[in-house]
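The values are calculated or read from the model by the stated rules, or taken from the named source; none is laboratory data. Quick caveat: nothing in here was measured; it's all calculated off a predicted structure. Please note: Cβ atoms are built from the backbone with ideal geometry, for glycine as well, and neighbour counts cover all protein chains shown.
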Amino acid sequence: MMTKIFSKHQRLITILLVAIMAIGGLVAWSGCSQGQLIEIKPPPSQDQIKQIYVGGAVNIPGFYPLKAGDSLEAFIQAAGGLTSGADLSQLRLYIPQAGEYQGPQKVNINRAPAWLLEALPGIGPTRAEDIISYRTQNGSFSNINELIKVEGIGMTTYEQIKHLITVAD
């Protein structure tokens, strides 16, 4: 009987030792694999950075890179396409003066998709979906203060993001 108990213990100890050695080997092997080459390029000069702001009746207003040969249609598609209320007869091109301040881009809580809402501080996937559900059920927000009506968004979260959001159409 003593040999049966002893042999059971021996098997258990052997299995544990083999498992520890296997895990140790995997850890050692993974530490020896070749790393990925990282290439660090200098940032482009200001002359190389050309962007166009697409705003108004598009789904994702914002700044988009300008490349030779880009068309107006390409910029509209980059901005998520036109909204249903778009009026192309009122299209405007604005070229700012050198040094003219362009404020930060704001997230339109009436149009932003979930991924863009999630980029706001304190807004994760659940809150982003709550915002979209609220605007679907209640219509567009008429001002940014209404965001606190969304369940789970209180004054603390609102104060963190109020300078980053808009309800512009």
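Name the single residue that is surrounded by the fewest Cβ atoms within 10 Å (Cβ to Cβ) among those in the stretch 76-118 being on the phi > 0 side of the Ramachandran plot and either modelled with pLDDT of 90 or more or within 28 Å of the chain's Cα centre (by Cα) (or both). If you could, list the steps in order and put the result at the bottom.
Let us first name the residues in the stretch 76-118 that are on the phi > 0 side of the Ramachandran plot, namely 80-81, 99.
Adding the requirement that they be either modelled with pLDDT of 90 or more or within 28 Å of the chain's Cα centre (by Cα) (or both) leaves 80-81.
Numbers: Gly80: 17, Gly81: 12.
Across the stretch 76-118, the extreme among qualifying residues is Gly81.
For the stretch 120-133, name all the residues that are over 17 Å from Ala168 (Cα atoms), without any contact (Cβ under 8 Å) to a residue 24 or more places away in the chain and touching a helix residue (DSSP H, G or I) at 6+ places or on another chain (Cβ under 9 Å).
Gly124, Pro125, Ala128, Glu129
Could you please let me know if Gly124 is among the small types (Gly, Ala, Ser) and loosely packed, with under 11 Cβ neighbours inside 10 Å?
On the way: among the small types (Gly, Ala, Ser): yes; loosely packed, with under 11 Cβ neighbours inside 10 Å: no.
So Gly124 does not fit the description; no.
Taking only the stretch 55-70 into account, find how many residues are farther than 18 Å from Pro113 by Cβ and assigned to a strand (DSSP E or B). Write out each step before concluding.
From the stretch 55-70, those farther than 18 Å from Pro113 by Cβ are 65-70; that's our starting set.
Checking the rest, the ones that are also assigned to a strand (DSSP E or B) come to 65.
Qualifying residue count for the region: 1.
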